[in-house]
Structures are given as C-alpha cells and as structure tokens.
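Take a look at the structure set out below.
The values are calculated or read from the model by the stated rules, or taken from the named source; none is laboratory data. All figures in this text were calculated on a predicted structure; none of them were measured in a lab. All Cβ positions, even for glycine, are placed from backbone atoms using ideal geometry, and neighbour counts span all protein chains on display. Heavy atoms of the whole protein, side chains included, go into the accessibility calculation; ligands, DNA and RNA do not. Shrake-Rupley method; radii C 1.70, N 1.55, O 1.52, S 1.80 Å.
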Amino acid sequence: MQPKIETNPYAWVERSLETIRRAGWYREPEIIEGSPGAVVLKDGREMLNFASNDYLGLAGDPRLIEAATKAINTFGTGATGSRLLSGHRILHQELETAIAQLKQTEAALVFSSGYLANMGTISAIVGQRDLILADQYNHSSLKNGAILSLAHINEYLHNNIADVKKQLQEHRHQYRRCLIVTDSVFSMDGDICQLPELLELADKYNCMVLVDEAHATGVFGATGAGCVEHYGCTGKPLIQIGTLSKALGSLGGYVAGSQAIIDFLRNRAPSWIYTTGLSPGDTAAALAAVKIIQGEPERRAQLWTNVTHMKNNLIENLHPEFQLLPSDSPIICVQVSSIDILLRVKAQLLAAGIFVAAVRPPTVPTSRLRLTVMATHTT
Ligand SMILES: *Cc1c(COP(=O)(O)O)cnc(C)c1O
C-alpha cells in the first residue's frame, strides 16, 4: 500500500507570499472612486492624479461615454463570440479602418487588450528557427510574447544601437527570420526608442521590426499617430502595436501594418482567434477617441505644455537625494535609493493630496516614483 503523504500541496503559496512581503514587493490595488480625470476621488478625498495613462483626459469625456452608451443600447453589452464565429460587428470594422487611417497603414486589427495583441502577434510571426532582438526594458507583454514564440531571444542593452548592430553582425546569419522588438515610449522610464536607426539596421540585415506604441498613440506626432509619425517613419515597413486603453481612454489593443500581416494574424494569432470580440461599448468609445485625437490637436499641444511645466519644476525643485530619470514623454520618473524611502514619499504625497505610482522591483531594476502628466491638468 502506498503511504499517504501528509502534506498540503498549497502550503508553498503562503511561504511564497511571505518572501514577497519580506522583500517589500507585496502589492494590492487601491480603489479610485467616481470619474477618471486629472483630479480623482480616493478614500473620499480629492486627489491630484499623476498616476493615470489617460494622457488626453478622454476616459471621462462625454463624447466617449455617449458613443459607448449608444453602442450598448444598439448592440448590447457583449460581442457574444469570437470574431471569426459570431462576434464580428460593424463597429469593429469601423474602428480598424479608423486606426489604419490614423497610422497610415494598409490595415489594422483590434485585440481584447494590448497585452494580447503583443502576445498573439509576436508568437505568430516568429518561431523556433528565428531570432528576436529585444530591448532589455521592453514591456512584459513583449517579453512574454517572445517567450511564447519559442524563437531564440537576445536582449540588447537599453536603447543601445551599437549593441543591436553587434548582435546582428554576430548572430543574424544563424537564423531564418529576425524580429527587432521595442517599446516606442518606455513605459517605466519615459524615454523613447531610436526608431530611424533601428529601421536602418533592419533594412540592412533583413529584419522585421515590431514597435509598441502603447504610450505614444495620441501623444506623439502631428496627428497623434505616435512615435512612428514623430520620427517621420510613416509608411516604412514595420508592425505597429498599441493599446486602446491609454490615450484612447477605452479598453483593447491593436496591430497596424500591411494587409498581408493583418490577414496572416487573423488566421494565425491564437489570442485573437480564440477569444471573444471586443465589447460594443469599448469599441465605440475607442472609435470616438480616434476621431478626437485627429480632430483636436490642441489637446496634444496642451499635454506637451504641461509636460514641460512639470519637468522644469522638478528640475528646479527636486531634492538632491532624488534623481530625475531622462524622459522624452509625459512619463516622468524620480528614482529613489530604496523601497522604504519610495513608500514613505508616496505616503507623504498621498497625505498632501497627490496621487503618484510607486514602481519597484521586479517591475523595474530600481525603485522610482512614476508621474504621468495629462492634457487636462492645469499648471
Ligand atoms: C500598457 C502597455 C501594454 C498593454 O496594453 P493593455 O491594453 O493595457 O493590455 C503593452 N505595451 C506597453 C508598452 C504598455 O505600456
């Protein structure tokens, strides 16, 4: 007879949680009450909000709310199926056309989130015989998409073109396809990638490029198309990913690129094929947001005025113990020397009515306060 082993197979969970707590890494969500915006309610108090990705203040815009409400009244709350079965609506088609028009690409495809767009796209376009060259500070969804693809992954030093070149010279010939993957705006640092240089190397070494415009769409470029437009790289051969949940104030993700890439993804990206279509409300809100982004450049101008104001103030007034990290975007990070100090400063700011994000390992290598500026802040 087998001896009965008297152990609880879940006992490790408490032990692991204890390890996370001891390191100061334990996290819990905090409730925000009422409407989104530059000022939000938290614990019944008004807080100046520097922790939102709603850069243009669209998540609470009456026009998005009306578009979503109207779509729900017409089409219901759920898409009821995957896009290839029963979940495809005219709204999806309109949104994809609008995104392709914003990005000046042949086509676009919307996913249930930016995370799923990255996972599905990367894992569909490269495989075991291929190489991924990835910036070491890339977003989690890019990293996990790369792992899922089973391609060989080489990380290059953050924003270091010389390192990309060196790795291409040394390794490109050993692989079938090569994909260079990067955030355009680095989400936990606020600096931007060197896209023209990456595209030049890609051209020379026959590589695909995938750029994640999650924090750039609506924010960068004359029409809000993102860093690709900002750098004058519109129309170059590349795959652009983004989210509907930051400057677009809704929920969902997208891929924009050639018609062939989009047709391929519709047939080969499991995180698009085997999941329910975007809800009518989210889709309609995102569609309204794309139109506002194109039609109201003054929102973007105000955002950048506010960003400059905030940066200048920090440069002048920041305590020498803290370090302002280099930023080219509305994401502004202040590095602090320990998790203890980080949590203390965050608590003091909360007490003063200022809501900021405290970002710590393992999300980032060093502890930092992360502030995001919105168009709807006042100086
Ligand atoms: C937020 C973010 C994503 C994920 O987008 P969601 O739509 O929120 O899933 C992907 N990439 C980057 C760089 C991001 O900052």
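Subtracting the Cα-Cα distance of N313 and Q194 from their residue separation scaled by 0.36 nm leaves 40.1 nm. Centroid-to-centroid, using Cα positions, the range 57-76 and the range 241-288 are 18 Å apart. Each residue of the range 61-72 was assigned a 3J(HN,Hα) from its phi angle through the Karplus expression (A = 6.51, B = -1.76, C = 1.60, θ = phi - 60°), giving 5, x, 6, 5, 4, 5, 4, 5, 4, 4, 5, 5 Hz with x at Gly and Pro.
For the range 260-346, the per residue solvent-accessible surface stands at 48 Å², with DNA, RNA and ligands left out and a 1.4 Å probe.
Using R0 = 45 Å, the C-beta based FRET efficiency linking A347 and L157 works out to 0.85.
If only the Cβ of Lys and Arg carry +1 and only the Cβ of Asp and Glu carry -1, the dipole of the chain around its Cα centre is close to 660 debye. Applying the Kirkwood pairwise sum to the alpha-carbon positions of the chain produces a hydrodynamic radius of 22.1 angstrom. Here r is the Cβ-Cβ distance between T366 and V13 and R0 is 35 Å; the resulting FRET efficiency, rounded to 0.05, is 0.80. For K42, nonlocal amide neighbours, meaning residues 5 or more places apart or on other chains whose placed amide H falls under 5 Å from its own, are E33, M47. The mean sequence separation of alpha-carbon pairs under 8 Å and at least six residues apart, normalised by the residue count of the chain, gives a relative contact order of 23 percent.
Evaluating kT/(6 pi eta Rh) at 4 °C and 1.567 mPa s, with the Kirkwood radius of the range 1-126 over Cα pairs in the Stokes-Einstein relation, gives 65 µm² s⁻¹.
Apolar share of the accessible surface for the range 1-136: 56 percent from carbon plus sulfur atoms, 1.4 Å probe.
Here the 3J(HN,Hα) profile of the range 347-359, calculated from phi with Karplus coefficients 6.51, -1.76 and 1.60 at θ = phi - 60°, is 5, 5, 5, 4, 4, 8, x, 10, 9, 10, 8, 9, 10 Hz, Gly and Pro shown as x. Taking all Cα pairs closer than 8 Å and separated by 6 or more residues, the relative contact order of the range 38-124 comes to 11 percent. For the range 72-146, taking the reciprocal of the average inverse distance between every pair of different Cα atoms yields a Kirkwood hydrodynamic radius of 14.6 Å.
Averaged per residue, the range 162-206 has 45 square angstrom of accessible surface, using a 1.4 angstrom probe with ligands and nucleic acids left out.
In the assembled protein chains, R63 presents an accessible area of approximately 100 Å² (probe radius 1.4 Å).
Rounded to the nearest Hz, the phi-derived 3J(HN,Hα) couplings of the range 112-120 under the Karplus curve 6.51 cos²θ - 1.76 cosθ + 1.60 (θ = phi - 60°) are 6, 7, x, 4, 5, 5, 5, 4, x, where x marks glycine and proline.
Whenever you get a sec, compute what percent of the accessible area on the range 216-259 sits on carbon and sulfur atoms (1.4 Å probe). After summing per-atom areas, the C and S share lands at 58 percent. The stretch between I65 and N267, if pulled fully straight at 0.36 nm per residue, gains 69.4 nm over its current Cα-Cα span. For I153, the residues 5 or more places off, or on other chains, whose built amide H falls under 5 Å of its own are I132.
Excluding same-chain neighbours fewer than eight residues apart, the lysines reachable from K311 by a Cα-Cα span under 26 Å are K42, K246, K346.
Count Lys and Arg as plus one, Asp and Glu as minus one, and take only other residues whose Cβ is under 11 Å from that of G78; the net charge is then 0. Modelled spin-label separation between L48 and Q136, with each label point placed 7 Å from Cα along the Cα-to-Cβ direction: 3.5 nm.
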